[in-house]
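First comes the structure, then the notes that go with it.
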Amino acid sequence: MMTDTETRSKAPQPKPWIEAIHAYVPGKSSGKDGRPLIKLSANENPLGTSEAALAAKAQAPALYPDPDSKALRAKLGELHGIDPARIVMGTGSDELLNLAAQGYAGPGDEVIYVRYGFSVYDIAARRCGATPVVAPDADYGTDVDALIALVTDRTRVVFIANPNNPTGSYLPKGEIARLHAALPADVLLVLDQAYGEYVAPEDEDGAMALAAAHDNVLVTRTFSKIFGLAGERIGWGTGAPGIIQTLNRIRGPFNVSSTGQAMALAALEDTAFVEHSRVHNRDERARFVEKIEALGNHGLRALPSQANFVLILFEGPLSAETAFDGLAERGYIVRWLPGQGLPQALRITIGKRADLDVIADVLRDMAQAAK
Ligand SMILES: *Cc1c(COP(=O)(O)O)cnc(C)c1O
């Protein structure tokens, strides 16, 4: 049946929930005048990536990749003690976060995450038409009771990053277990461990064991952070076979490139590079945080971080925006997050020691001069 063309719109109309999305704002890599800056705004590995991964890149075939990333999943399964049938690969873990929302939530459903959480959760919830529900924080950290209080009959997915980005805060094993125990069995708990490899082994949060034992937990990991392969876009997830099958149904069929698969496999085997990166991060983060803590009387406060970045709050005369501009002036780009409700904060990736020393000196000089 023909409809009256006069009454119809002149152009295709996006769904209202798509129009409500604020597109993801990536960390910048150049200053206002376009000159390249040292980039400490996207939590990339300042040590680069494994030499073995770079060598593998040259060997990768240019034909269609293995759609099931079999060798890579087998290696991940071996390293983590997981049946490869319980592993799904993604074009970055971003793809898996989006698929988790799309697979389990839609219009009329609710998706919960924390205020000061990873901005992809909001996009993932909205793009499938679900209603985002934001839990209040506890001094910027994740408040499990606040999350539990928001669960309703309509809740379908809960997203938690542990460590959390952009705050760096961390929930111990007991808190993760308590949150899981409080959720109805039909709510999918997504535990995003993008920074999991940076956590000291003794502080491990038990997410993998929850994903192995329960039907409603998906753990996501990435090659973008400690492995230094952000450019290749490789992430993975593990959970019950039903969850993995759901995500496999809706993922891109060739979602991980041949070079990505080859580089990730080599990167996993180079355990020395990963351990060196973890220790570098732990030591340089402690050294940097100590310098920021010394500026406490000027209103600077570094939130405790288990990740490869630190969120610094500017609660005195020096504003985060002024500090951001001052650092850019000196050649450093960090992350200022007014769009995420954090105009009072800068997120700074733990880079090389010499760079962090300059940053700490610049912040000290600016804080002392500010009135
Ligand atoms: C960086 C990051 C990711 C990783 O995204 P990729 O798509 O794997 O590059 C996921 N979650 C959080 C919280 C992050 O900070």
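For LYS173, the lysines whose Cα comes closer than 23 Å to its Cα, not counting residues fewer than 8 places off in the same chain, are LYS225. Summarising the overall dimensions of the range 56-269 from its C-alpha atoms, the Rg and Dmax are 16.5, 52 angstrom. The residues of the chain expose on average 45 square angstrom of accessible surface per residue, using a 1.4 Å probe on protein heavy atoms.
Projecting the Cα atoms of ALA328, SER277, GLN306 onto the dipole axis of the chain, where Lys and Arg carry +1 and Asp and Glu carry -1 at the beta carbon, places ALA328 farthest toward the positive end. In this rough spin-label picture, where each label sits 7 Å from Cα along the Cβ direction, the ASP361-LYS15 distance is 5.3 nm. Candidate cross-link partners of LYS32 among the aspartates and glutamates, defined by an alpha-carbon separation under 16 Å and a same-chain spacing of 8 or more, comprise GLU321, ASP325, GLU329.
For the chain, the antiparallel share of DSSP beta bridges with both residues in that region comes to about 55%.
Extending 7 Å from the Cα toward the beta-carbon at both ALA213 and ALA52 defines two label points whose distance is 3.2 nm. Each peptide among 353-365, 150-162 gets the average number of other Cβ atoms lying within 10 Å of its residues, and from highest to lowest they stand as 150-162, 353-365. Each Lys and Arg adds +1 at its Cβ and each Asp and Glu adds -1 at its Cβ; summed about the Cα centre, the chain shows a dipole of about 740 debye.
With both residues required to sit in the range 56-269, DSSP beta bridges show an antiparallel share near 40%. Checked against a 20 Å cut-off, the cross-linked pairs LYS57/LYS352; LYS39/LYS75; LYS28/LYS352 give Cα-Cα distances beyond that limit for LYS57/LYS352; LYS39/LYS75. Among ASN297, THR349, HIS180, which residue has its Cα furthest toward the positive end of the charge dipole of the chain, with +1 on Lys/Arg Cβ and -1 on Asp/Glu Cβ? Checked the options; the winner is THR349. Taking the protein heavy atoms of the range 214-283 in the context of the full set of protein chains, the accessible area attributed to carbon and sulfur is 54 percent at 1.4 Å. For GLU284, GLU290, the ranking by accessible surface with the largest value first comes to GLU290, GLU284, using a 1.4 Å probe.
For the chain, the average shadow cast by the Cα convex hull is 22.5 nm², which is a quarter of the hull's surface.
The values are calculated or read from the model by the stated rules, or taken from the named source; none is laboratory data. Model, not experiment: these values are computed from the prediction. Counting neighbours? That spans all protein chains shown, and the Cβs are built from the backbone with ideal geometry, glycine included. Protein only, heavy atoms only, side chains kept; ligands, DNA and RNA dropped before computing areas. Shrake-Rupley method; radii C 1.70, N 1.55, O 1.52, S 1.80 Å.
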